[in-house]
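These notes are about the structure you will find just below.
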Amino acid sequence: MQVNTGRAGAILRIDLQALRANYQILKTQLGSAACGAAVKADAYGLGAAEAAPALYLEGCRHFFVAHLEEGIVLRPLLPADAMIIVMHGSPVGCEADLLANGLTPVLNSLQQIAAWNALATDKQTRLPAFVQFDTGMARMGLSPAEVDVLRAEPQRFAAIDVQYVMSHLVSAEDQVNPVNREQLEKFRALRALFPAAKATLANSSGIFLGKDFHFDLARPGAALYGVTPVAGQANPMRAVAHLQGRIIQTRDIPADTGVGYGSTWRSSRPSRIATVAVGYADGWLRSLSNRGAVQIAGHDVAMVGNVSMDTITLDVTGLPDDILAEGALVDLLSDQLTVDRVASAARTIGYEILTSLGHRYARVYSGSEPISKTV
Ligand SMILES: *Cc1c(COP(=O)(O)O)cnc(C)c1O
């Protein structure tokens with residue numbers, strides 16, 4: 001579909017060249033370990049249909065989604081040598097859908113192991129899988145007690161080709177947190193259950209914890225899309241998402257005038273207000289009300305008043321008229337206005353800013369080409 005940026009209220013530019021460069025940064029950091037990619041939640045809101053093929057071109061062959069349905073949608077977009085791993089595993093009774101779509105499950109429970117083993121036995125074959133251990137997240141994966149059951153009864157996975165064991169780090173972005181090492185030691189011990197399997201532990205931040213955490217394969221998501229992987233340090237990643245919203249109106253108001261729902265901001269002097277066509281329905285979170293900052297032609301501008309469904313309001317008092325024309329574009333996400341900076345103003349994390357990005361934006365992709373041209 002042709003994207004009409006001229007009539008769009010806001011334009012989201014997604015720089016696949018930056019995504020590809022970020023993949024190479026992580027790959028270099030990993031050395032000999034392989035670099036996969038988490039493309040769940042539509043590649044963190046940026047578009048899995050575009051991001052996954054671009055990452056494939058950089059050599060990525062392991063793609064992680066959360067839901068089975070995400071894997072089914074992604075499968076036809078990637079060549080057969082790309083492994084697509086469904087981290088939630090199979091919903092109960094849907095194991096055959098994974099097989100039919102060439103998807104690899106993460107097995108998180110004894111029930112999932114039993115169902116996958118039964119399907120493999122039925123098909124008289126061995127079926128590939130990842131097996132996840134819970135080393136501290138208490139969210140998904142086998143508990144230590146379940147691991148004991150498997151140790152005592154290895155026939156439970158007799159027909160499963162356990163290719164990778166997996167676990168997930170709780171606080172990897174906090175490099176000095178002792179929980180990182182504790183999880184590493186637990187994971188190392190649990191690996192003994194599947195001595196032939198490869199291992200994967202690190203998310204984006206885990207990659208920066210050093211070689212001990214790399215094992216055979218990493219599963220970065222956020223850093224690929226520009227989110228900073230190490231708290232409190234300079235971000236080595238390039239910005240992938242660039243967002244601009246259009247000024248749809250400006251007005252001059254006297255002192256002591258309320259702006260927006262609830263008049264949560266009042267002018268302390270005669271002011272000029274610009275209204276921009278981006279709101280919380282577009283993922284510009286309401287928690288940015290009276291806290292967010294944007295830029296117009298390089299000038300920092302404060303968001304004032306509550307974020308509305310379709311608009312935000314800016315205090316543009318004193319800025320030159322020519323940059324405030326109706327139709328002018330305002331930067332909301334850029335190399336300066338990073339996802340992390342917006343997240344901190346919104347009191348959330350960059351992940352939520354990205355995955356909230358709305359579907360009303362005119363989305364413009366650059367910096368990659370179809371796989372078929374090169375493979
Ligand atoms: C989302 C997710 C990842 C990717 O994490 P990032 O912090 O975005 O790099 C890796 N592994 C699991 C299990 C996940 O849920």
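In region 200-233, what residues are modelled with pLDDT of 95 or more and away from the ligand (no atom under 14 Å from the Cβ)?
Listed by number, the residues that qualify are G210, K211, D212, D216.
Restricting the search to region 99-128, which residues are of a type in the set (V, I, T) and surrounded by fewer than 18 Cβ atoms within 10 Å (Cβ to Cβ)?
Within region 99-128, T121, T125 meet the criteria.
Mind checking whether some residue in region 129-145 is more than 28 Å from the chain's Cα centre (by Cα), open to solvent by less than 40 Å² (accessible area, probe 1.4 Å), away from the ligand (no atom under 16 Å from the Cβ) and under 21 Å from A189 (Cα atoms)?
The answer is no, given that none of the residues of region 129-145 is more than 28 Å from the chain's Cα centre (by Cα), open to solvent by less than 40 Å² (accessible area, probe 1.4 Å), away from the ligand (no atom under 16 Å from the Cβ) and under 21 Å from A189 (Cα atoms).
In this structure, does V342 turn out to be part of a helix (DSSP H, G or I), in contact with a Leu (Cβ under 7 Å, 6 or more places away or on another chain) and at pLDDT 95 or above?
In short, yes.
Can you tell me which of A52, A10 is farther than 13 Å from L354 by Cβ, within 16 Å of the chain's Cα centre (by Cα) and not charged (D, E, K, R)?
Just one listed residue meets the conditions, A52.
Anything in region 245-266 that is touching a residue at least 24 places away in the same chain (Cβ under 8 Å) and either in a loop (DSSP other than H, G, I, E, B) or β-branched (V, I, T) (or both)? List them, or say none.
Matches in region 245-266: I247, I248, T250, V259, G260, T264.
Out of L193, L142, I need the residue that is out of contact with any Pro (no Cβ under 8 Å at 6 or more places or on another chain) and at pLDDT below 95. Which one?
Going through L193, L142 in turn, the sole match is L193.
Any residue that is in a strand (DSSP E or B), crowded, with 22+ Cβ neighbours inside 10 Å and aromatic (F, W, Y) - is there at least one of those in region 51-73?
yes
Take the conditions out of contact with any Lys or Arg (no Cβ under 6 Å at 6 or more places or on another chain), among the aromatic types (F, W, Y) and under 26 Å from D122 (Cα atoms) and apply them to F194. Does it pass?
yes
The values are calculated or read from the model by the stated rules, or taken from the named source; none is laboratory data. Keep in mind the model is a prediction, meaning the values are calculated, not measured. For neighbour counting, all protein chains shown are included, and Cβ atoms are generated from backbone atoms with ideal geometry for every residue, glycine included. Calculation scope for accessible area: heavy atoms of the full protein, side chains included, ligands and nucleic acids excluded. Shrake-Rupley method; radii C 1.70, N 1.55, O 1.52, S 1.80 Å.
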